[in-house]
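Everything on this sheet refers to the single structure shown next.
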Amino acid sequence: MTETLSAWERVTLARHPQRPHTLHYIQDLLHDFVELHGDRLYADDPAIVGGIGYFNDWAVVVIGHQKGETTQENVRRNFGMPHPEGYRKSERLMRLAERFTLPLITFIDTPAADPGLGSEERGQAWAISSCLQTMAALRVPIVTVVIGEGGSGGALAISVADRILMLENAVYTVASPEACASILWRDPARAPEAATALRLTAADLAALGIIDEVIPEPVPAHEAPHETIQRVGAALARHLHELCATWTAQGYDALLAKRYQKYRQLNYWELQSANASQ
Amino acid sequence: MSRVWRPRRKQPDNPESTGPMIPDDLWVKCERCRELIYVREFERQLYVCPRCGYHARLTAQQRIATLVDHNTFTAWDTDLITGDPLQFVALGESYREKARQTAQRIGENEALVTGQGSICGVPVAIAVTEFRFFGASMGAVFGEKLVRLVERACERRLPVVTVSSSGGARMQEGAVALMQLARTIAAFRRLTDQQLPHIAVLVDPCYGGVTASYATSADVIFAEPGAMIGFAGPRVIEQVTRQKLPKGFQTAEFLLAHGMIDAVVQRRELPQRIATVISVLQGNRQKAKERPVVEGITQ
């Protein structure tokens, strides 16, 4: 039903306040979940939630961006925009996953990393970079699901994974369509055009080879939250099962080599031909 | 757009010009203190204002000339050009065409120049950004050149030096540009596993995806005096938070005070400082081979 939507319509759906958020997925898909808090350095960031629990018969670590449904909750959770503490908490939980050989599942749903004074003072770029490094070499299987907004570095920070899945109406982009329109046309109102140009839909990203699977939304997720969550759960189970089979049979070296290749082989360059150089 | 230093030219055809004529290409004006500087003197000062100490922005070639030992630099992968993955068009202008025109105008095919050379006699693999190419933003070719550099450094057992100034990920390449953060980080991770040092130099201005990836993953991070460095740009922060930013916010000195970098280093001091750090970091390599005590640190 949603096949004919424009990129901008999908952006609107991805941002819908009633769209299921990370904690809804955790509630429906995990049992014995224990939320863990704090980065052990400065604070606990409510814009990222994480913890341990069982997903089917696998004990796992789950990390995800968390938006609010009400204005009040959104203010508390900073609209799902993490501070450096959120990324440092994530990194702590990733290390925990490695120490206890628990596969890692991450849910992506953020407009961006927080662009504020305090975030800069406490090293937002350093926190993101550190998360990326840790994920690139983490010795457990990682599956990421983009469930809503995948906003630039703030999203990427917890999505360096062996498999990246994306809901049909989720988006993943280098810059928000509004920011892109401001830069290109000095007019944020032209965001719908920018959304198309940025190729940010799940179908676009699958065509570019960046994501591994598009999870269909026969009706938009906020209209059928439980059905959507179950579909995500089924896809997650399938990918996790495959990865864990490799992991247990061949060890983490094989897993890490494949993860490196997954990113290494994303080639979008051309060779300048000899006659074109003049 | 770009604030790379180049000699200010007189305008002989401008009849309204009444001021003293400045001889062509002989003088430049400091962007900060407005001091007029004789161009040869400016070059001798490595494009640092002798009056106020302002470190002017450099082209990639000027950077290499001020950092790498004379005649030791060999460039790598200069023939890679963008594949325009999104077929991006804005204001009727295709990105592919704009990239081609920019390359012709400035004589560089991408925002990153990579290669091998020596710094104070120490052989290194080095990557230097070119700000005139799309604000030195990181796209697929930038990423590919950097990944190849690091892989070659691993093969040849070379330390890596990066000099970065960038606006962030390249918007015209969308999520493909974003993936370069992960690609480059993963490559640098291999360098770490092999106990090869990465020294990063952050220069004005360095923001977004570059600061949030390989540039801050280095073993030792230096920055030039006064360089503006951060994740979000000051304008974005002011717009979003509606706060006035404090004086000196996001400068190299600010980052040093907040524990984010190791030192603020004058341009003239950079080569020696980098060479010293690399040689000390690698100072026990021979001893480590003789005594297999450190086995297990790698991997």
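What per residue convex hull volume, in Å³, do the alpha-carbon atoms of region A:7-277 yield? Could the numbers behind the result be given before it?
Numbers: hull volume 41.0 nm³, N = 271.
Each residue corresponds to 151 Å³ of Cα convex hull volume.
Going through the DSSP H helices of chain B, which span 15 Å or more along their own axis at the Cα atoms while scoring at least 0.0 as a mean Kyte-Doolittle hydropathy?
Qualifying helices: B:140-156, B:174-193, B:270-281.
Where the convex hull is taken over the Cα atoms of chain B, what is its projected area averaged over directions, in nm²?
In nm², the orientation-averaged hull projection of chain B is 19.0.
Using per-residue counts of other Cβ atoms within 10 Å, averaged over each peptide, order A:19-27, A:78-86 from highest down.
Taking the mean over residues of other Cβ atoms within 10 Å, the ranking is A:78-86, A:19-27.
Counting only other chains, what is the mean number of Cβ atoms within 10 angstrom of the Cβ of each residue in peptide B:126-134? Don't skip to the end; give the middle numbers.
Numbers: counts 0, 0, 0, 0, 0, 0, 0, 0, 0.
Mean partner-chain Cβ count within 10 Å for B:126-134: 0.
Calculate the all-directions average of the projected area of region A:128-278's alpha-carbon convex hull, and give it in nm².
Numbers: hull surface 49.7 nm².
Convex hull of Cα atoms, orientation-averaged projection: 12.4 nm².
Averaged across B:80-88, how many Cβ atoms of other chains sit within 10 Å of each residue's Cβ atom?
On the way: counts 5, 7, 3, 5, 2, 9, 8, 2, 4.
Whole-number average of other-chain Cβ neighbours for B:80-88 is 5.
Take the protein assembly as shown, compute every pairwise Cα distance, and split them into 10 Å bins from 0; I just need the percent in each bin.
Taking all Cα pairs of the protein assembly as shown, the binned fractions are 3, 17, 28, 26, 16, 7, 2, 0, 0 percent.
Shielding by partners for B:259-265, please: the mean number of other protein chain Cβ atoms within 10 Å of each residue's Cβ.
2
Just to confirm my numbers, what's the Cα centroid distance between region B:110-168 and region B:41-73 in Å?
For region B:110-168 versus region B:41-73, the Cα centre distance is 18 Å.
Return one quarter of the surface area of the convex hull spanned by the alpha-carbon atoms of region A:139-181, equal to its mean projected area, in nm².
Over every viewing direction, the Cα hull of region A:139-181 projects on average to 3.2 nm².
Over chain B, what relative contact order in percent results from Cα pairs under 8 Å that are six or more residues apart?
Relative contact order comes out at 13 percent.
Would you mind calculating the relative contact order of region A:111-218 from Cα pairs under 8 angstrom and at least 6 residues apart, reporting the percent as a whole number?
Working: 165 pairs, mean separation 26.6, N = 108.
Reported as a whole number, the value is 25 percent.
Among B:Lys98/B:Lys145; A:Lys89/B:Lys145; B:Lys29/B:Lys247; A:Lys89/B:Lys289; A:Lys89/A:Lys262, which pairs are too far apart, with a Cα-Cα distance over 28 Å?
Listed pairs above 28 Å: A:Lys89/B:Lys145; A:Lys89/B:Lys289.
Run down the aspartates and glutamates and flag those whose C-alpha is under 17 Å from the C-alpha of B:Lys287, throwing out any fewer than 8 positions away in its chain.
B:Glu295
With the Cα gyration tensor of region B:157-288 giving a ≥ b ≥ c as the square roots of its eigenvalues, does the rule (a/c under 1.5 for rounded; else a/b larger than b/c for prolate; else oblate) give rounded, prolate or oblate?
Cα axes put region B:157-288 in the oblate bin.
Listed highest first by mean packing, meaning other Cβ atoms within 10 Å per residue, what order do B:58-71, A:126-139, B:154-167 come in?
Details: B:58-71: 18.6, A:126-139: 23.8, B:154-167: 21.8.
So the peptides B:58-71, A:126-139, B:154-167, ranked by packing, come out A:126-139, B:154-167, B:58-71.
Taking Cα pairs under 8 Å and at least six residues apart, what relative contact order does chain A come out at, in percent?
Once divided by the residue count of chain A, the mean separation gives 18 percent.
Rounded to the nearest Å, what's the spacing between the alpha carbon centres of region A:158-226 and region B:205-276? Just the number, please.
Taking the Cα centre of each part, region A:158-226 and region B:205-276 sit 31 Å apart.
Read-outs: derived from the displayed coordinates by stated rules, not from any lab. The structure presented is a predicted model; accordingly, all values stated were derived computationally and were not measured. Methodologically, a virtual Cβ is constructed for each residue, glycine included, from the backbone with ideal geometry; neighbour enumeration extends over all protein chains shown.
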